[in-house]
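Worksheet: the structure to be examined is printed underneath.
Just so you know, all these numbers are worked out from the coordinates, no wet-lab data involved. In this text, all values refer to a predicted model and were calculated from it rather than measured experimentally. Backbone-built Cβ (ideal geometry, glycine too); neighbour counts: all protein chains shown.
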């Protein structure tokens, strides 16, 4: 354990706890302004159709309607990684539900009535709904103009196809690897589309004022990225765009990048001086914000009789939906992490992002990794059983360790997965398993255990940076100006802890205010489990900078060298002389010297962080000495009870162990893990967006899109390993997304141990398990 | 979003009927609103007038009349029913079934009368009412009627109620002998879900075992064929035969929640379990 700390590793109370339990906390949906208008969107009624005629003239004449826009009014393409998406459909609708027109009116009722007056004539086009058909030559194209679209260099669209990104790993020699293998195992796996299910739906207000400035208040994980996308697309200087982000009531990736906010921009520009507000209905939240795209994959692995993996071939096809501006990066992330936690000498991975006429794919907590680990971690158990080995023992042989290489050829150091796996196995009470359990006649319920590992790296541009400003008030309290978002994950708490630790002030004296791109320190996005790691480092540096200034003031004030003063618990003191101390307030705006002259000035500390040394992956091979900022490892073991007659899986117990590098707050860290386990369980057993043959979403509500309830929550044993992250604050690395990745495959592996069956398609519903049991 | 409508709080049964007759197809009765409001939001229903029954006398609460069973006001919220001592002690199956409806918050509003008037094949309280042989008391143009619950459900969303008629009370006949009831509901999640299939079994001290099914036919149904098998024999074989008979009576559909085939199989599995548990509960003392 590291040096003695005051706040690091301490379970301080969440800084937002009181506000949230009393209902005082404000969210975007709570905002109301004078002259505010209400927005409703007209949504397309076909998965794929040409817009022959969109006539909004009657809607425009309805009293109370202040602005109406259609696609041709605002035909600007936008996107974070691939610029392929317009806020409103232009010429074509590409999924059932795509915005065709928007109305801003004096009341939601009038806006809704106006939608009914907009006449739309469609010419239906053949929809592209089957992922594997979409990649065949001759398939109708969702975006015939793909070759014209701008994109970041890390994305590789295949022109004149439906493939918007083809990510490749070519490591070693797979043919040689398979030739060396004693056993080759091959299988296919599938994950369906799912939704994030945040408590708070997407909500935003946009105001275009008479000076030509656009201000957006949004429930967003990405105020700065939103500003950037709008600025690039509209060719506006960034100082014409301001994004303000109040608390976010759950994001899980769905509120990253630019979302429904884009539809408000042209309405705001037409209704100058009127704030225009949109709050998504739950139906819109399901279908018309980002979804986690479906994925079908084929995985083939060669292995020696002694358990050593020699080669892996992995093909992933992503059901990217109508626009893949963010989804292309999911494809990439799943590709570079395609070795999972294993040291595999020879690899060939192809990860394809495919356009279909389905809702828009985008980031969801741990994107790419939850999906590819569903395949990898079941596959590892399948191989172990074919070899007659225990799944934990088999994994131990192949785990990445000091000096191993991952899929990108990166040489790894300080790898914590071995410890995680050991600890997860110990906590669940793992006993050697070498095959499916035998079911005695007459037995109706069986218990079994399963295990799965995971690793994930943040999928972000190499220059994703953070800044922090620490301002001291007259009275010694502190404004911590950062632009990380508080999504419920506890960012404000942990960042305040870091600031208090470094500056020597009390945690309670630090305040963080909502994000404002005009006044706030820069932050790329609150995504990728990167805030504690990246923003944490910036805060650390800013607090140290402020402390240096404080000590400089103190040095003059007390007349001692700067090295002889220190700050703790809100007081500045001369080391070794407890009588010579003053509150921080005395020196916050400068020091008053014995002759009553002033010195110094108000204290503002500054800090910044960018993960250094990240090298772009080779376009053909995906190889790089350091492709990502860091890797976080973890393992989960589960115990299930399987009702053989119903097919129902009940998860009784989950042991979850993650290498957090350093735990800043043990309570919020454990809460993150618990939340992740429940979300993982929910994805494993219940969640699936279902579409009909015309591409319409059949279950856009919780009546038929089920998520785990409190009744499903298992006993959870949470533990942390602390192998320090070299450039993380106090060695910390992110765990926010990782914690839901291995739950589904761990349950699947337990199911096999219970009854010798596998459901390789998520979710493992009672019905699907029952049919698998019957086939056995 | 709701379309505009008139809200009228009826002060008497007569007024409620009168208002409903005048509104005709444009009128809807309101109790807890947990089904009605959702459908109005979704525009599946567009009533011009909503007639609130909650203030009508006799529609609230549970009253116990000596030797005459139990009378439950139709607008009584399910949570009140679930907590009622008379219901719990003698008609525990109904309390157990009501407890599986929606969530706690929904049960604070949702009423017993609403649950059956809505006539979902999956209505959780319906199998219990079938087994207690409830009488549905209604008020309409021709005054008061009593409809045996077995004749109340006519199909998905369809009941024996005439235009302008509403359910005012549910009467549970006296149950002199000891009994033990079990309601098994299979949903996708363990709570806050609609039934894929459900089975209620009520074992009576006199030897009778009653069985009803939910969510596997156009209406909730009682399965007398299965009951007949158990009249004389209650061994494992008889339970299996009764469960198979229940499956034969089921006529489920395939939908987004489950396939027809799964529902059929689960009917048999749940029936066997419900019968077994009801018999065991009775043997252990019953209620």
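What the table below lists for this structure:
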| read-out | value |
| --- | --- |
| Burial ranking of peptide ranges A:360-369, A:581-590, A:758-767 (average Cβ count within 10 Å, highest at the top) | A:360-369, A:758-767, A:581-590 |
| Sites residue B:44 and residue B:255, calculated FRET efficiency, Cβ-Cβ separation with R0 22 Å, nearest 0.05 | 0.85 |
| Pair residue A:522, residue B:162: separation of 7 Å Cα→Cβ label points (nm) | 7.8 |
| Cβ crowding within 10 Å averaged over residues, with A:401-408, B:79-86 ranked highest first | A:401-408, B:79-86 |
| Extension gain (nm, one decimal) between residue A:21 and residue A:652, 0.36 nm per residue minus Cα-Cα | 224.2 nm |
| Gyration tensor verdict on chain A (Cα atoms; rounded if a/c is under 1.5, prolate if a/b is larger than b/c, oblate otherwise) | oblate |
| Partner chain coverage, peptide A:218-228 - average Cβ within 10 angstrom | 0 |
| Difference of contour (0.36 nm per residue) and Cα-Cα distance, residue A:445 to residue A:726 | 96.4 nm |
| Gyration tensor (alpha-carbon) shape descriptor, the stretch B:6-52, a/c threshold 1.5 | oblate |
| Equivalent ellipsoid, chain B (semi-axes from 5 times Cα gyration tensor eigenvalues, Å) | 32, 21, 16 |
| C-alpha long axis of helix B:13-23 to longest principal axis of chain B, angle in ° | 70 |
| Mean-position separation - Cα centroids, the stretch A:206-271 and the stretch A:598-652, in angstrom | 27 |
| Alpha carbon Rg of the stretch A:595-703, scaled by the compact-globule rule 2.2 N^0.38 Å | 1.88 |
| Relative contact order of the stretch B:229-287, defined on C-alpha pairs under 8 angstrom at six or more residues apart (%) | 32 |
| Alpha-carbon centroid distance for the pair the stretch B:130-196 / the stretch A:302-353, whole angstrom | 55 |
| Cut-off 16 Å (backbone N to label point 7 Å along Cα→Cβ of residue A:592), residues of the stretch A:447-482 | A:474-476 |
| Residues residue A:315 and residue A:569, FRET efficiency given R0 of 56 Å [Cβ-Cβ distance, rounded to 0.05] | 0.45 |
| Cβ crowding within 10 Å averaged over residues, with A:263-276, A:295-308 ranked highest first | A:263-276, A:295-308 |
| Average partner coverage of B:249-257, which counts Cβ from other chains inside 10 Å | 2 |
| The stretch B:62-172 shape via C-alpha gyration tensor axes, a/c threshold 1.5 | oblate |
| Average beta carbon contacts from partner chains per residue of A:697-710, 10 Å cutoff | 3 |
| Per residue, the convex hull volume that the Cα atoms of the stretch B:181-283 enclose (Å³) | 86 |
| C-alpha center-to-center spacing [the stretch A:7-69, the stretch A:503-548] in angstrom | 28 |
| Net lengthening on full extension, residue A:624/residue A:304 (0.36 nm per residue, minus Cα-Cα) | 112.5 nm |
| Label-to-label distance, nm, for residues given as residue A:152 and residue A:238 (7 Å Cα→Cβ offset) | 1.5 |
| Length-normalised contact order for chain A - Cα pairs under 8 Å, 6+ apart - percent | 15 |
| On Cα atoms only, tilt of B:236-249 relative to the major axis of chain B in degrees | 40 |
| DSSP beta bridge pairing in the stretch B:1-82, given as percent antiparallel to the nearest 5 | 25 |
| Helix axis angle, B:260-283 relative to chain B longest principal axis, alpha carbon, degrees | 70 |
| Gyration tensor (Cα) of the stretch B:170-229, equivalent ellipsoid semi-axes in angstrom | 24, 14, 11 |
| For B:227, A:123, A:325, order by how many other beta-carbon atoms lie within 10 Å, fewest first | A:123, B:227, A:325 |
| Relative contact order %, the stretch B:181-283, counting alpha carbon pairs below 8 Å whose residues are six or more apart | 29 |
| Along each principal axis, Cα extent of the stretch A:414-497, largest first, Å | 76, 31, 21 |
| Footprinting exposure proxy for A:471, B:90 (fewest neighbouring C-beta atoms within 10 Å first) | A:471, B:90 |
| Inter-site label distance for residue A:35 and residue A:608 at 7 Å from Cα along Cβ, in nm | 3.7 |
| Computed E for residue A:62/residue A:272 - FRET, C-beta separation, R0 25 angstrom, nearest 0.05 | 0.80 |
| Kirkwood Rh and Cα Rg combined as Rg/Rh, the stretch A:12-89 | 1.15 |
